[in-house]
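The values are calculated or read from the model by the stated rules, or taken from the named source; none is laboratory data. Just so it is clear, the model here is predicted, and its values are computed rather than measured. Reconstructed Cβ throughout: ideal geometry from the backbone, glycine too, with neighbour counts over all protein chains shown. Calculation scope for accessible area: heavy atoms of the full protein, side chains included, ligands and nucleic acids excluded. Shrake-Rupley method; radii C 1.70, N 1.55, O 1.52, S 1.80 Å.
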Amino acid sequence: MSAVRDRIYQTSDLSGAARREFIEQARNGQAHLRTPEGDALVMLRQANLEHLSAMRDHAISYLMFNNAMSRPRDERRAADFGDWAFMHTFDDDDLAEFQVEINSSLMLAASGQDVAVVEATLDAWRRSARTLQDSVALSILSGEVDSDEWVELDRPKD
């Protein structure tokens, strides 16, 4: 790490020429500031902070999911899955598939600075969970409904 990146600014630096250097360092990663009271503060781009916060939230959800999966199936409750309670709907094979997908998504999000891939993965699994909870949709998907049971409707006239 260079000497410039190792610099810890003081509040007095913010009123002088070092202010631009402080802001530029924050723009390029993070800048450290020590207050007169001794508090250590860090300035960074808001997008970086939002990414870190989202990754923290997903990591906590993943840990809860992983903890739920460590128990036998009959001892798991939906609440054990935390924010991902919708995963309680799936069987163990589906849960294993989800774990592979979410692992990959989390790794991509961590390396690419974009959590959209995690959100897309979760949205797809939420939609699947809703489908499994809908008895009509489930019977259609499983082939229990015969096409002869369907009736064609005419478009209503204005």
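Working only within segment 112-158, note down all residues that are closer than 16 Å to D91 by Cα, open to solvent by 100 Å² or more (accessible area, probe 1.4 Å) and modelled with pLDDT under 90.
Q133
Report every pair of residues separated by at least 6 positions or lying on different chains whose Cβ atoms are under 9 Å apart, first residue within segment 1-28 and at negative phi and acidic (D, E), second loosely packed, with under 13 Cβ neighbours inside 10 Å and at pLDDT below 90.
E21/V4
If you scan segment 61-101, which residues turn out to be open to solvent by less than 30 Å² (accessible area, probe 1.4 Å), in contact with a helix residue (DSSP H, G or I) (Cβ under 6 Å, 6 or more places away or on another chain) and either in contact (Cβ under 8 Å) with a residue 60 or more places away in the chain or aliphatic (A, V, I, L, M) (or both)?
A68, M87
Based on what the data block shows, is N48 closer than 24 Å to A85 by Cα and among the polar types (S, T, N, Q)?
For N48, the condition - closer than 24 Å to A85 by Cα and among the polar types (S, T, N, Q) - is not met.
Restricting to segment 118-156, give me the number of residues that are under 37 Å from the mean Cα position of the chain (by Cα) and in a loop (DSSP other than H, G, I, E, B).
5
Do any helices (runs of 4 or more DSSP H) entirely within segment 17-117 hold 3 or more residues that are more than 18 Å from R7 (Cα to Cα) and out of contact with any His (no Cβ under 7 Å at 6 or more places or on another chain), and if so, which?
Where helices (runs of 4 or more DSSP H) fall fully within segment 17-117 and carry at least 3 residues being more than 18 Å from R7 (Cα to Cα) and out of contact with any His (no Cβ under 7 Å at 6 or more places or on another chain), they are 46-69, 92-112.
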